[in-house]
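The structure appears below as structure tokens.
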Amino acid sequence: MKLLVTGGQQRRPRSLRAGTAQWYKYVRGHLLTVDTDTDAVNVELSYESPPDAVADEEPAILFKQGTFANDLLYLTTQTEVIIYSYPELAVKHYISLPRFHDVHHVRPTERNTLLVVNTGLDQILEMDYEGTVIREWNTVGRDPWENFDPEMDYRKVSSTKPYESHPNHVFEIDGEVWGTRFKQKDAVSLENPDRRIDINVERVHDGVPYGDHVYFTAVSGHIVVANSKTLEIEDRLDLSSLEDGEPQLGWCRGILPDDDGAWVGFSRLRPTALRENVAWVKDGFRKSMPTHIARYDLKERKLVKRIVLEDHDLNAVFSIFPVESPN
């Protein structure tokens, strides 16, 4: 089986002074192909955002999360949505709006629109392929511009942290738009906020529908599976419990579920100025595993395989897709 993995190459820091956020500075986005039978890894695409779309000083440039469907690869960077044909990797659509800041995820809809997670402004947007915003939500129910200036170019802003909810992923249940909320440890319907999935594990990230379920990751290494009809949690698994000892698997983000289990991504833990985001880390950062993807049999509760990616200049994993587009 071949997989596509998105992420970024870390800039070699000039220093790692206590309290700085140098760990998060990435110099380019990478798209890798990974052959899970042979463990062969190749860089399919390296990408650097143009200067007019990023902050002027040490911008974070990397591929974040996206969607692969109908031979189109929908990707995000901090400040862009880029849609590529695959396998040609020709750019079909490019969107970069002044309101874009720390964009985390994009997915297409059956309405011929795009859903975009604009994390830095605590927003989820629905827009057309030209970038015209059709609907917008603040992920804690406020006016989307209550705390922000609609005249500002947020692509040029280094940081808007701390975020109020830190949305990471957007998905749909029967056409209803939902978002995951990092700080609230849940997923919530943006159209009916009374409908929510109480995930209740440390720092929720992905929400990936598969069949009648939604698979969630928490950055602490937990997988939570909810029924998309009842909204009830049906399974929870701490992936570190499948390891010998007490390893730091890394920042868990990126999941590709299937009938038997899932591929899951992990990024090496590094210091961060926002210590509350990594309060769950035990024994410091030096014991963190390198950036890798791992295959888990969720029924049998066992680790099947691990493939390290750091030797290929991938220092953060965000998305995992099968090479065969799920048409």
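For the range 196-218, how many residues meet the condition of being modelled with pLDDT of 95 or more, closer than 24 Å to Arg270 by Cβ and of a type in the set (A, V, I, L, M, F, W, C)?
First, the residues of the range 196-218 that are modelled with pLDDT of 95 or more: 196-199, 204-218.
Of the ones still in play, those that are also closer than 24 Å to Arg270 by Cβ are 204-206, 216-218.
Cutting the leftovers down to of a type in the set (A, V, I, L, M, F, W, C) gives us 204, 216, 218.
Adding up the residues that qualify gives 3.
Leu72 - would you say it is buried (at least 18 other Cβ atoms within 10 Å of the Cβ) and at pLDDT 95 or above? Answer is no for this residue.
Among the residues in the range 191-204, are any within 24 Å of Ala226 (Cβ to Cβ), part of a strand (DSSP E or B), in contact with a Gly (Cβ under 6 Å, 6 or more places away or on another chain) and not charged (D, E, K, R)? No; the residues of the range 191-204 include none that is within 24 Å of Ala226 (Cβ to Cβ), part of a strand (DSSP E or B), in contact with a Gly (Cβ under 6 Å, 6 or more places away or on another chain) and not charged (D, E, K, R). Contact map, the range 173-202: first residue closer than 17 Å to Ser220 by Cα, second residue among the small types (Gly, Ala, Ser) and exposed (fewer than 15 other Cβ atoms within 10 Å of the Cβ), Cβ cut-off under 9 Å, separation 6 or more or different chains; pairs are Glu202/Ala279.
Filter the range 169-198 down to the residues that are of a type in the set (S, T, N, Q) and touching a strand residue (DSSP E or B) at 6+ places or on another chain (Cβ under 7 Å), then identify the one that is surrounded by the fewest Cβ atoms within 10 Å (Cβ to Cβ).
Ser189
Out of the range 203-247, which residues are out of contact with any His (no Cβ under 8 Å at 6 or more places or on another chain) and of a type in the set (D, E, K, R)? Residues satisfying the conditions are Arg203, Asp212, Lys229, Glu232, Asp235, Glu243, Asp244, Glu246. Screening Val91 against (1) within 23 Å of Ala55 (Cβ to Cβ); (2) in contact with a Leu (Cβ under 9 Å, 6 or more places away or on another chain) leaves a single unmet condition, (2). Scanning the range 242-270 for residues that are over 19 Å from His213 (Cα atoms), touching a residue at least 24 places away in the same chain (Cβ under 8 Å) and over 21 Å from the mean Cα position of the chain (by Cα) returns Leu242, Glu243, Glu246, Pro247.
Each row is one residue, and each column tells you yes or no for (1) under 18 Å from Pro193 (Cα atoms); (2) within 18 Å of the chain's Cα centre (by Cα).
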site: Ile95; (1), (2): no, no
site: His101; (1), (2): no, yes
site: Val133; (1), (2): no, no
site: His166; (1), (2): yes, yes
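Checking the stated criteria, His205 turns out to be out of contact with any helix residue (DSSP H, G or I) (no Cβ under 8 Å at 6 or more places or on another chain) and buried (at least 19 other Cβ atoms within 10 Å of the Cβ).
Please go through the range 12-30 and pick out each residue that is touching an Asp or Glu at 6+ places or on another chain (Cβ under 7 Å) and either assigned to a loop (DSSP other than H, G, I, E, B) or modelled with pLDDT under 95 (or both).
Lys25
Among the residues of the range 31-80, those that are more than 30 Å from Asp153 (Cβ to Cβ) and either β-branched (Val, Ile, Thr) or part of a loop (DSSP other than H, G, I, E, B) (or both) comprise Thr33, Val34, Thr36, Asp37, Thr38, Asp39, Ala40, Val41, Val43, Asn70, Asp71.
What about Thr113, is it surrounded by fewer than 23 Cβ atoms within 10 Å (Cβ to Cβ) and farther than 19 Å from Ser319 by Cα? So Thr113 fits the description; yes.
Annotation: Pro87 fulfils all but one of (1) under 18 Å from Val117 (Cβ atoms); (2) modelled with pLDDT of 95 or more; (3) assigned to a loop (DSSP other than H, G, I, E, B); the unmet one is (1).
Residues that are of a type in the set (Lys, Arg) and outside any strand (DSSP E or B) do not occur anywhere in the range 165-181.
The values are calculated or read from the model by the stated rules, or taken from the named source; none is laboratory data. What you see is a predicted model, and the numbers here were worked out from it, not measured in a lab. Note that each Cβ is placed from the backbone with ideal geometry, even for glycine, and that neighbours are counted across all protein chains shown.
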